[in-house]
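A.B. asks: Provided herewith is a single structure, encoded as structure tokens, for subsequent inquiry.
The values are calculated or read from the model by the stated rules, or taken from the named source; none is laboratory data. Model, not experiment: these values are computed from the prediction. Heads up, the Cβs are rebuilt from the backbone with ideal geometry, glycines too, and the neighbour counts pull from every protein chain shown. Note: areas computed on protein heavy atoms with side chains; ligands, DNA, RNA excluded. Shrake-Rupley method; radii C 1.70, N 1.55, O 1.52, S 1.80 Å.
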Amino acid sequence: MAVVPTTGTAPAAPAKRSRLRFVANPKATTGLVVLGLFTLIAVIGPWIAPYDPSARSSDVMQGPSAAHWFGTTHLGQDIFSQVIVGTRSVMLVGFLAAAIATVLSVLVGVTSGYLGGFGAEGLSALSNVFLVIPALPLIIIITSSLPETTDVTIALVIGFTSWAWNARVLRAQTLSLRRRDYVEAARATGESTWRIIVFEIMPNLTAVIASGFVGTVIFAVVSEITLAFIGVSASGTWNWGTVLFWAQGQQALAQGAWWWFVPAGLAIAFLGTALSLVNFGIDEFVSPRLRGGGRTTAKTEDGRTVRMRVGFTPVLAPAPKPAEPAPRPATAEPKPATAEPKPATPEPKPAAPEPEPAAAKGKTVVDDTADRTGEGES
């Protein structure tokens, strides 16, 4: 009779590490899509605008229609064209100011955090000075005193006045990383200071730098729109703040011309939401505690499902593998058909041997039978 070998359940194949985990996050994906749409409009906006944003017409204070999707102003200007063309100015100032502020924050924060000494203390003191100065009033004073204001000028002013906070964060992170084992090992092997900073410390600060960059873009966009709303903006350039400036100056809300300020306000809200979603995606990508996205269960690499508790970071370790059974032969020799059954009870032990006769032991036995016979005859 053939014996079929039995095998245990095959272990689940380990899950592969996702290389696009950030893009797989729905928050990050939504934010990147909306941000990409605004970037596309900023690039091709002046070419797809149906009208010149400054051109006047006889259609004064008209609501949204097929000819003017977002309505017109008190001078007959097309609001849709103003919003489309103004997107370029907003995106240019936001990203240029964020790039300048990020470069300055990395130079000051990482340098003061790793090198130490009198120079590092001086850079830290400089960061504290810029932190206590109100950024927006400083930007207003600087831009108002300039003879000519352009988008690039506004971006430079915002970038050079909004780097201090990110520099403090990077300095704190660098102070934590400078005593790690891999940094000490690189220093012990004779690596140069700048090589350690660039190849050992900077890769571990990538998420912090990216999050600071996105936050600075939001601040720069809001600052530029605020400057345009109060009348401090580049001359001859449209942006969303300029649309709101003219709407507020002509009492659009009192006249019931909601189409004058609502499209620009929605554009600001959508852009801010997109940047915030990207920032949330970066936070969840970095922090394991936020990575669940509100879920209460998670799967480990070996396919198990664990329940997460609020306030605790789950460690998704693989389950211990069960002991593998000993291998069995594929076939076995058939047993004999007439095999005698084993007795249920053991066989009884033999009785004790009878005592041997006395002659066997060497003693003399006297036969008194004849004497007893003679006594009977007499």
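A.B. asks: When residues of the stretch 186-195 are filtered for being open to solvent by less than 60 Å² (accessible area, probe 1.4 Å) and either free of Cβ contacts under 8 Å to residues at least 60 places away in the same chain or small (Gly, Ala, Ser) (or both), how many remain?
C.D. replies: Of the residues in the stretch 186-195, 1 are open to solvent by less than 60 Å² (accessible area, probe 1.4 Å) and either free of Cβ contacts under 8 Å to residues at least 60 places away in the same chain or small (Gly, Ala, Ser) (or both).
A.B. asks: Among the residues of the stretch 64-98, what is the count of those that are closer than 20 Å to VAL157 by Cα and either open to solvent by 40 Å² or more (accessible area, probe 1.4 Å) or at pLDDT below 90 (or both)?
C.D. replies: 4
A.B. asks: If you check SER145, SER124, which single one turns out to be open to solvent by less than 70 Å² (accessible area, probe 1.4 Å) and of a type outside the set (A, V, I, L, M)?
C.D. replies: Only one candidate passes the filter, namely SER124.
A.B. asks: Continuing with the same structure: Here is a check on your reading of the model: is VAL221 hydrophobic (A, V, I, L, M, F, W, C), farther than 30 Å from ILE141 by Cβ and under 26 Å from the mean Cα position of the chain (by Cα)?
C.D. replies: no
A.B. asks: Considering only residues of the stretch 40-63 that are part of a helix (DSSP H, G or I) and open to solvent by less than 60 Å² (accessible area, probe 1.4 Å), which is farthest from VAL262 (Cα to Cα)?
C.D. replies: ILE44
A.B. asks: Let me ask something else about it. Which condition number in (1) open to solvent by less than 50 Å² (accessible area, probe 1.4 Å); (2) within 26 Å of LEU104 (Cβ to Cβ); (3) of a type in the set (A, V, I, L, M) is the one that LEU244 fails?
C.D. replies: Unmet for LEU244, out of (1) open to solvent by less than 50 Å² (accessible area, probe 1.4 Å); (2) within 26 Å of LEU104 (Cβ to Cβ); (3) of a type in the set (A, V, I, L, M): (2).
A.B. asks: Here's something else I'd like to know. If only one of VAL214, VAL183 is farther than 21 Å from SER81 by Cα, touching a Leu at 6+ places or on another chain (Cβ under 8 Å) and without any contact (Cβ under 8 Å) to a residue 24 or more places away in the chain, which one is it?
C.D. replies: VAL183
A.B. asks: In the stretch 118-132, is there at least one residue being out of contact with any Cys (no Cβ under 7 Å at 6 or more places or on another chain) and assigned to a loop (DSSP other than H, G, I, E, B)?
C.D. replies: No.
Condition check ((1) over 33 Å from the mean Cα position of the chain (by Cα); (2) under 22 Å from ALA267 (Cβ atoms)) across all residues:
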{"residue": "PHE95", "(1), (2)": "no, yes"}
{"residue": "ILE100", "(1), (2)": "no, no"}
{"residue": "GLY113", "(1), (2)": "no, no"}
{"residue": "ALA125", "(1), (2)": "no, no"}
{"residue": "ILE142", "(1), (2)": "yes, no"}
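A.B. asks: Could you go through the stretch 109-116 and let me know if any residue there is hydroxyl-bearing (Ser, Thr, Tyr), out of contact with any Lys or Arg (no Cβ under 8 Å at 6 or more places or on another chain) and buried (at least 24 other Cβ atoms within 10 Å of the Cβ).
C.D. replies: Within the stretch 109-116, not a single residue is hydroxyl-bearing (Ser, Thr, Tyr), out of contact with any Lys or Arg (no Cβ under 8 Å at 6 or more places or on another chain) and buried (at least 24 other Cβ atoms within 10 Å of the Cβ).
A.B. asks: Do we find a residue being open to solvent by less than 40 Å² (accessible area, probe 1.4 Å) and among the acidic types (Asp, Glu) anywhere in the stretch 200-219?
C.D. replies: No, that holds for no residue.
A.B. asks: So, of the residues in the stretch 34-64 that are under 27 Å from SER276 (Cα atoms) and free of Cβ contacts under 8 Å to residues at least 12 places away in the same chain, which turns out to be nearest to the chain's Cα centre (by Cα)?
C.D. replies: Looking at the filtered set, the residue picked out is GLY36.
A.B. asks: I'd like to verify a number: residues in the stretch 220-241 that are in a loop (DSSP other than H, G, I, E, B) and crowded, with 24+ Cβ neighbours inside 10 Å, how many?
C.D. replies: 3
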